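Note sheet for the following structure.
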Amino acid sequence: MPTEPAVPQDGAAALNVPRRPLVGIVGSAGAYGRWLQSFFRTRMGLTVIGHDPADAQSVDELELVRRADVLVFSAPICHTAALIDRYIGLADGHEAGKLWLDVTSIKTTPVAAMLRSQAEVVGLHPMTAPPKAPTLKGRVMVVSEARLQRWRPWVAELLAALEAECVHATPEQHDRVMALVQAMVHATHLAQAGVLRGQALQVGDLAAVMPFRSASFEMDAAIIARILSLNPAIYEDIQFGNPHSGAVLQALGGQISRMAALVRDGSDAARAAFRDEFLRDNRVAIGEVALAEGNYSYERIGYLLADLAAGEALSVHLPEDRPGSLRALLHVFERHAVSLSSIHSSRTPEGEVHFRIGFDAGVDLEALRRAVEEIAARQLGRVLA
């Protein structure tokens, strides 16, 4: 019986794998579909086609599934499995030797559906909404290698290009963890939003409460705003599409109910139970190392929030991404005797990298104005705000 030839180490030359595969995206007009199109074209130099009911210019489904070497399902969670089954029928065996991927927040159901095809199968879950950045650098992505052989070198190239921090998991493990990482976290903050809504007549809306904020409340308020600002269908599907969400939410509700009962009791015994169950036992369970790391992360975020709330600040975009650009910018402030209190890089809503430079409240505004004029005159950067 002949043996299968070894797969070359160079992914581009892998057996029966095109050097520059044609990528097809199911759901190409969605938020992630658009981001993926840009990523594959600009970062990997690949040709991309797609189908989406919202885009009349997209290709026909049959053409998409027959032509694409790599097919990516980027559709709502509740429709993904049915879509995959539909594409299996359309492919009619032509998917054999190709690669199918999905980028949904649930892995068990879509991966099982893709495995009903004859394609090689990998489930992906970027742990972020489509970023403003061109890659997933600094973000986590879960990878479920369900059936992968000849396409393995190319998948490695894909993951390297994405620049994400990749963690590998089975679909089952992924969904169990996501019930905690996503479903529980989202539920907690949506419940907080409901309590805030219920208390609005007594204390005012969120804007009225924010002047009294702690760093913790400000972080929670930001998460609430983030959830309520994005596609509500995603958050609905994360709760209802994950088979483990119900049990986790029930456990969360039990913890809150227990805490409320102890607070209502108010006795010394109730206080002791609170200390034991919610403080001591949880501290032991999390462990000293994780506590120290988490506390340090909290402090870093707190310092960042304090910097962002500082009085005077400039946001500057450096159009030339070259060594020395930031140094030249900072020398301008030095020449005008303007001291900086903080500097952070981030992205504008349009995706441009910019530096937010903070100054003490007593900064010499005239000196700062002269520095801004020099930045513009020398075309070192564009002051955004």
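Scanning the range 326-370 for residues that are within 31 Å of the chain's Cα centre (by Cα) and of a type in the set (Ser, Thr, Tyr) turns up 341, 342, 345, 346, 348.
The one condition from (1) under 30 Å from residue 246 (Cα atoms); (2) at pLDDT 95 or above; (3) not aromatic (Phe, Trp, Tyr) that residue 161 does not meet is (1).
Evaluating residue 334 against the criteria (1) in a helix (DSSP H, G or I); (2) open to solvent by less than 80 Å² (accessible area, probe 1.4 Å) leaves one unmet condition, (2).
Please enumerate the residues belonging to the range 220-247 that are under 18 Å from residue 194 (Cβ atoms) and either touching a Leu at 6+ places or on another chain (Cβ under 7 Å) or of a type in the set (S, T, N, Q) (or both). Residues satisfying the conditions are 221, 227, 229, 239, 245.
For the range 23-65, the set of residues classified as without any contact (Cβ under 8 Å) to a residue 40 or more places away in the chain, closer than 23 Å to residue 81 by Cβ and of a type in the set (Ser, Thr, Tyr) consists of 58 only. Of the helices (runs of 4 or more DSSP H) that lie entirely inside the range 134-248, those containing 2 or more residues that are touching a residue at least 24 places away in the same chain (Cβ under 8 Å) and farther than 28 Å from residue 308 by Cβ span 152-162, 171-178, 232-241. Among the residues of the range 344-354, not a single one is surrounded by 11 or more Cβ atoms within 10 Å (Cβ to Cβ), among the β-branched types (Val, Ile, Thr) and farther than 26 Å from residue 229 by Cα.
Every residue in the range 30-46 that is open to solvent by 30 Å² or more (accessible area, probe 1.4 Å), touching a Ser or Thr at 6+ places or on another chain (Cβ under 8 Å) and either farther than 16 Å from residue 20 by Cβ or not charged (D, E, K, R) (or both), please. Within the range 30-46, 32, 34, 37 qualify. Filtering the range 14-53 to residues that are aliphatic (A, V, I, L, M) and closer than 18 Å to residue 351 by Cβ leaves 31, 36.
Quick test for you: out of 215, 191, 187, 221, pick the one residue that is farther than 23 Å from residue 102 by Cα, modelled with pLDDT under 95 and either surrounded by 14 or more Cβ atoms within 10 Å (Cβ to Cβ) or β-branched (Val, Ile, Thr) (or both). Sole residue among the options that is farther than 23 Å from residue 102 by Cα, modelled with pLDDT under 95 and either surrounded by 14 or more Cβ atoms within 10 Å (Cβ to Cβ) or β-branched (Val, Ile, Thr) (or both): 215.
Taken over the range 70-90, the residue count meeting the criterion of being surrounded by fewer than 18 Cβ atoms within 10 Å (Cβ to Cβ), part of a helix (DSSP H, G or I) and not aliphatic (A, V, I, L, M) is 5. Checking each residue of the range 309-319 against the condition of being part of a helix (DSSP H, G or I) and open to solvent by 80 Å² or more (accessible area, probe 1.4 Å) gives no match. With respect to the conditions (1) out of contact with any helix residue (DSSP H, G or I) (no Cβ under 6 Å at 6 or more places or on another chain); (2) outside any helix (DSSP H, G or I); (3) in contact (Cβ under 8 Å) with a residue 12 or more places away in the chain; (4) open to solvent by 50 Å² or more (accessible area, probe 1.4 Å), residue 94 falls short on a single one, namely (1).
Scanning the range 283-303 for residues that are free of Cβ contacts under 8 Å to residues at least 60 places away in the same chain and small (Gly, Ala, Ser), we see that the one that is surrounded by the fewest Cβ atoms within 10 Å (Cβ to Cβ) is 285.
Within the set 275, 264, 280, the sole residue that is open to solvent by 80 Å² or more (accessible area, probe 1.4 Å), farther than 22 Å from residue 215 by Cβ and touching a helix residue (DSSP H, G or I) at 6+ places or on another chain (Cβ under 9 Å) turns out to be 264.
Put simply, of 165, 157, 172 the only residue that is acidic (Asp, Glu) and in contact with a strand residue (DSSP E or B) (Cβ under 6 Å, 6 or more places away or on another chain) is 165. Selection over the range 355-382 of residues that are open to solvent by 50 Å² or more (accessible area, probe 1.4 Å) and of a type outside the set (Gly, Ala, Ser) gives a count of 10.
Looking across the range 102-124, the residues that are aliphatic (A, V, I, L, M), open to solvent by less than 20 Å² (accessible area, probe 1.4 Å) and in contact with a Phe, Trp or Tyr (Cβ under 7 Å, 6 or more places away or on another chain) come down to 114, 119, 121. Restricting attention to the range 97-126, the residues being touching a residue at least 40 places away in the same chain (Cβ under 8 Å), hydrophobic (A, V, I, L, M, F, W, C) and in contact with a Leu (Cβ under 9 Å, 6 or more places away or on another chain) number 4.
The values are calculated or read from the model by the stated rules, or taken from the named source; none is laboratory data. Keep in mind the model is a prediction, meaning the values are calculated, not measured. Don't worry about glycine lacking a Cβ; one is built from the backbone with ideal geometry, like all the others, and counts go over all protein chains shown. The protein model used for the area step is the full one, side chains on, heavy atoms only, and it has no ligands, DNA or RNA in it. Shrake-Rupley method; radii C 1.70, N 1.55, O 1.52, S 1.80 Å.
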